[in-house]
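Read the figures in this text as sums done on the coordinates, not as results from a lab. Since the structure is predicted, the reported quantities are computational estimates derived from the model, not experimental observations. Quick reminder, even Gly has a Cβ in these numbers, built from the backbone with ideal geometry, and neighbours come from all protein chains shown.
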């Protein structure tokens, strides 16, 4: 097993990564200083159908368990599903020493974490992610649900007790889910590791290449990158914002498409292209963006997804983004690969970039 330690001001916890890692959840729970009185598993119903038996067998017998099932994907992150979870938690008579287990992809983890953060003003939880995308979302303590006017706008910072990342669960992912998750790996490389980016562009030529030892290596490296950033800035008042590279434009595409129709990582891939053009516009960032966009397209990413919406539509959603401030939109851009920064962008600047972006897209 690979282990990465996440350190924050409020908590230090392990991320356990590897084939069969789910078996580690029993020892983790039984060794907790305050052993949980009860477990409440919030599980993606699709994931449970495939992998539920593995988690059931791994949970320790002495601790009683309740199971609650939620829809797959972003549809889980709604007010109605959130309310249903809290109702079920109250009906199960969870106390302050009960523990929530998030069992599913990034959306399920975000929802379950927010339920844990909200119930009795906060009870502990453990992340058991089952997707590539969740290597990013399961680490760092961000929890949230969506609002029709914006993604992840209702939430809390609430760090897990542990992240148990069994990579054998990844074998059942669809190509769409695989691409979506790997976009966050690409993001980590852009903001922190140029050699990693070079190796990704060399090794991956189609979705089927995202597998095996190379994928495991990328996931561990991505978690280490995120862990280092979270240690420095737990609540996103500084460098943690760098992790939003590609997300301002990407979240707008995702929201306008309808949550779940365009996968989160697919929208982020579009957003990274836009952010690269913005970096070129703002500070002459040197990178072959056209070649990168073609590479993404070859791997299977829907790189032109944002072109189905007008600039005004996209801009309106971007102004509601959590990073917007004082009438401007904040973007994470690059001085160079591995050197991100946050800057305010005016509507006029963004419109010029959008025009160039659309013209360039004709060459992808």
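Laid out as a table, the results:
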read-out	value
Mean separation of Cα contacts under 8 Å (6+ apart) over length of the range 176-361, as relative contact order %	26 percent
Tilt relative to the chain, helix 45-58 - C-alpha long axis, 0 to 90 degrees, to 10	50 degrees
Label selected from (1) 27, 62, 12; (2) 31, 58, 11, 0; (3) 27, 53, 19, 1, the criterion being P(r) over Cα pairs in 20 Å bins from 0, in percent as computed here	(2)
Crossing angle, helix 264-283 versus the chain [Cα axis fit, 0-90 degrees, rounded to tens]	40 degrees
Cα gyration tensor shape for the range 12-106, rounded if a/c is under 1.5, else prolate or oblate	oblate
Shape category assigned to the range 151-278 from the gyration tensor of Cα positions, a/c cut at 1.5	rounded
Sequence of 56, 187 once ranked by neighbouring C-beta atoms within 10 Å, starting from the fewest	56, 187
Value in Å of the Kirkwood radius, where the range 2-172 supplies the Cα pairs that are averaged	15.6 Å
Protection-proxy order for peptides 149-160, 202-213, 260-271, each taking the mean of Cβ atoms within 10 Å per residue, highest first	260-271, 149-160, 202-213
The chain, relative contact order [Cα under 8 Å, separation at least 6], %	15 percent
Fewest-first sequence of 199, 232, 348 by Cβ atoms within 10 Å of each Cβ	348, 232, 199
Rounded if a/c under 1.5, otherwise prolate or oblate - the range 73-115, Cα gyration tensor axes	oblate
The range 1-71 and the range 140-208: distance between their alpha carbon centers, rounded to Å	19 Å
For the range 176-361, the spread of Cα positions along each principal axis, largest first, Å	45, 35, 32
